[in-house]
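First comes the structure, then the notes that go with it.
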Amino acid sequence: MNITVIGTGYVGLVTGTCFAETGINVVCVDIDEKKVEMLRRGEVPIYEPGLDVLLERNMDKGRISFTTSLKKGIQNSDAVFIAVGTPPDEDGSADLKYVLGVAREIGQHMEDYKVIITKSTVPVGTSFKVKSAVEEELQKRDVRIPFDVASNPEFLKEGSAVDDFLKPDRIVVGIESKRAEKVMKRLYKPFLMNGHPLLFMDIFSSEMTKYAANSMLATKISFMNDIANLCELVGANVDLVRKGIGSDSRIGNKFIYPGTGYGGSCFPKDVQALVRTADEYGHSLEVLKAVESVNYRQKSVLVNKIKSHFGENLKGKQFGLWGLAFKPKTDDMREAPALVIIEELKALGANVRAYDPVAMEEAERILGDKIEYAKDEYDAIIDADALIVVTEWSEFRMPNFRILEKLMVEKTIFDGRNIYDPEEMEESEFTYYSIGRDAVGNIKKETVKA
Ligand code: UDX
C-alpha cells in the first residue's frame, strides 16, 4: 500500500514513520523546505523519544521519503492523511486555512481514487468542508475522479507518541463508504494484533470523539486541581483523596494528579475550540468553561504560595526553577505553566535561574534574556531563596538534598508536581510547599466543633 502524509509536524511525522514501520510506502509532504531537507538527512526536528531510530530504519529500507511537492507526493497513494496545523483563531476556534488549502491542492492534482483522511484535530463538520473543497477543484478541472473523505483523530501523547501509535488503546475512524472502510481496515490491520478496537463510525461522531476525549481528560485534571486547593483549606491530603477515589474503577487512577495546570498543544486549544463550537450552536458548555478558568487559576497557585511565604515584593529574591517544558519527555513549551510562573515572578521583581533536561533551547527562543539558564539542576539553585519544581522530570525526583542545602541561601521548596514526600520534607531542613497537601492550619482537628 502507498500513503501520503501531508504535514510533518509531530502528528504527521509520527503517523508516517509508524505506518512505514508496518511495511507501507509513505511519502511525507511539507511546504517547509528546510524541514524537508533536514528529514531527508534523517534528522528529526522535534524531540520525541524513539522517533529518530524508527525514522532511520525506515529510511534505510526506502519505505519513507520526503518532498515539498504535494503533486508528486500524492501520485501513487491510496490514502492521503492531512496532518497540518489548526492554530487557534483570535476567538479560540480552530483556523482551518491550512487544512482546506491542502484539500484544494489535492483536488487540483489527484488523478485516481483516494481516501482523504483528516488527522489534524478539527471541528465537527470539517471533513465535509474538505470534501467540498476537493469537489470544487475537480469541477474546475472538469474531471470526475471518485474519492472518499474520512476522519481519523489521533490520541498521541507527546513524549510517548511512537508507543501510543504502535500500541493504540483504540483507533477511531469516521467514514461514509464501504470502500473507504476497506482501505482504512487494511491500513490499520497491523496495529490491531493485540485486540485493540478499530471503531468505525460516522464522520461527525469521529470528529466529536477527539474533542470529547481531550475535554474529558482536561476536566479530570481541573476537577482534581480544584479539589486539591480545597483539600488545603479543609486540612485534607489530596494524595490520599486521589488514591481513595482512583481505586473506584468507574473513576480510574489516571489523569487525576493535581499540579500547576495543564498545558501543551492540545488540551488548552481543544477545550477552547469545543466551547466556541458549542457557543456557535447556541449551547453553553458550562463544565468546560469552568475547566478552562480553573486551569487558568491553577497556573498561579505556586506563585500565590511564594507570595504568602516571601511577601508581595520579590525584588532581589533568587529562584531556581526546575522544568520548563509543559510536561516531561518533551521540549514543548506551548501553554507551559512555567511561562506563567516566570512572567508573574518577574513582574514581582524576582530573578529566575532555570533548568530543563531538554527544553533549554526552546526556552531561550521564547524567553530570551528574561531568565538565566543553568547548566544542570544544581547550577539552577545556587544562592537561591527557593527551588520551584514545575515539571516532574524523573531526574528531579531524587535530588541530593545535602547539595541543595549547601547551595541554597534559604531552604524552601515549592513543589508544583508533588514529587517529594511531605513527611520526609518535614524531617528535613526545608520548608516545603506542594499542591493540595499544605493544610493551611486554620482547621485543626481539636478546633472543629460538633
Ligand atoms: C494530550 C492527550 O493525552 C492526547 O491523547 C492527545 O492526542 C493530545 O493531547 P499531550 O498534550 O501530549 O496529550 O499531554 P498529556 O500527557 O495528556 O498531558 C497534558 C497536560 O496535562 C500536561 O500539562 C500534564 O502535566 C497535565 N496533567 C496530566 C496533569 O496535570 N495531571 C494529570 O494527572 C495528567
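The values are calculated or read from the model by the stated rules, or taken from the named source; none is laboratory data. Treat the numbers as computed from the prediction; the structure is a model and nothing was measured. Quick reminder, even Gly has a Cβ in these numbers, built from the backbone with ideal geometry, and neighbours come from all protein chains shown. Remember, those area values only see protein heavy atoms, side chains included, never the ligands or the DNA or RNA. Shrake-Rupley method; radii C 1.70, N 1.55, O 1.52, S 1.80 Å.
Points worth noting:
- A single member of Ala338, Ala354, Ala384 is part of a strand (DSSP E or B) and among the small types (Gly, Ala, Ser), and it is Ala354.
- Scanning region 358-399 for residues that are among the small types (Gly, Ala, Ser), touching a residue at least 60 places away in the same chain (Cβ under 8 Å) and away from the ligand (no atom under 16 Å from the Cβ) yields a count of 3.
- Just one of the listed residues (Gly368, Gly349) is in a helix (DSSP H, G or I), open to solvent by less than 50 Å² (accessible area, probe 1.4 Å) and either at positive phi or in contact with a Gly (Cβ under 6 Å, 6 or more places away or on another chain) (or both), and it is Gly368.
- Condition check for Leu217: within 14 Å of the ligand (Cβ to nearest atom) and open to solvent by 50 Å² or more (accessible area, probe 1.4 Å): yes
- Scanning region 347-357 for residues that are over 19 Å from Ile382 (Cβ atoms) and either under 18 Å from the mean Cα position of the chain (by Cα) or touching a residue at least 12 places away in the same chain (Cβ under 8 Å) (or both) yields Leu348, Gly349.
- Test: residue in region 101-118 that is within 28 Å of Leu217 (Cα to Cα) and under 23 Å from the mean Cα position of the chain (by Cα): yes
- For region 246-262, the set of residues classified as open to solvent by 50 Å² or more (accessible area, probe 1.4 Å) and more than 9 Å from the ligand (Cβ to nearest atom) consists of Ser247, Ser249, Arg250, Ile251, Asn253, listed by residue number.
- Odd one out for Gly282 among (1) within 16 Å of the ligand (Cβ to nearest atom); (2) of a type in the set (Gly, Ala, Ser); (3) assigned to a loop (DSSP other than H, G, I, E, B): (1)
- Residue ID - surrounded by the fewest Cβ atoms within 10 Å (Cβ to Cβ), chosen from residues in region 426-438 that are at pLDDT below 95 and either assigned to a helix (DSSP H, G or I) or within 29 Å of the chain's Cα centre (by Cα) (or both): Glu427
- Any chance Phe204 is in a helix (DSSP H, G or I), more than 16 Å from the ligand (Cβ to nearest atom) and at pLDDT 95 or above: yes
- Matching residues in region 233-253 - criterion: being within 15 Å of Glu392 (Cβ to Cβ) and free of Cβ contacts under 8 Å to residues at least 24 places away in the same chain: Arg242
To keep it simple, each residue is scored yes or no on (1) away from the ligand (no atom under 13 Å from the Cβ); (2) in contact with a Ser or Thr (Cβ under 7 Å, 6 or more places away or on another chain).
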site: Asp239; (1), (2): no, no
site: Val271; (1), (2): no, yes
site: Glu286; (1), (2): yes, no
site: Glu312; (1), (2): yes, no
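- Scanning region 319-334 for residues being more than 12 Å from the ligand (Cβ to nearest atom) and open to solvent by 30 Å² or more (accessible area, probe 1.4 Å) gives a total of 1.
- Counted residues, region 159-184 - those being open to solvent by less than 20 Å² (accessible area, probe 1.4 Å) and either within 16 Å of the ligand (Cβ to nearest atom) or among the small types (Gly, Ala, Ser) (or both): 10
- Region 300-335: number of residues that are more than 25 Å from the chain's Cα centre (by Cα) and on the phi > 0 side of the Ramachandran plot: 2
- No other residue among Leu302, Leu288 is closer than 20 Å to Ala94 by Cα, open to solvent by less than 20 Å² (accessible area, probe 1.4 Å) and not in a loop (DSSP other than H, G, I, E, B) apart from Leu288.
- Helices (runs of 4 or more DSSP H) contained entirely in region 1-98, each with at least 2 residues that are of a type in the set (Asp, Glu), open to solvent by 10 Å² or more (accessible area, probe 1.4 Å) and without any contact (Cβ under 8 Å) to a residue 12 or more places away in the chain: 51-60
- Taken over region 185-196, the criterion of being modelled with pLDDT under 95 and either within 16 Å of the ligand (Cβ to nearest atom) or open to solvent by less than 50 Å² (accessible area, probe 1.4 Å) (or both) is satisfied by Phe191, Leu192, His196.
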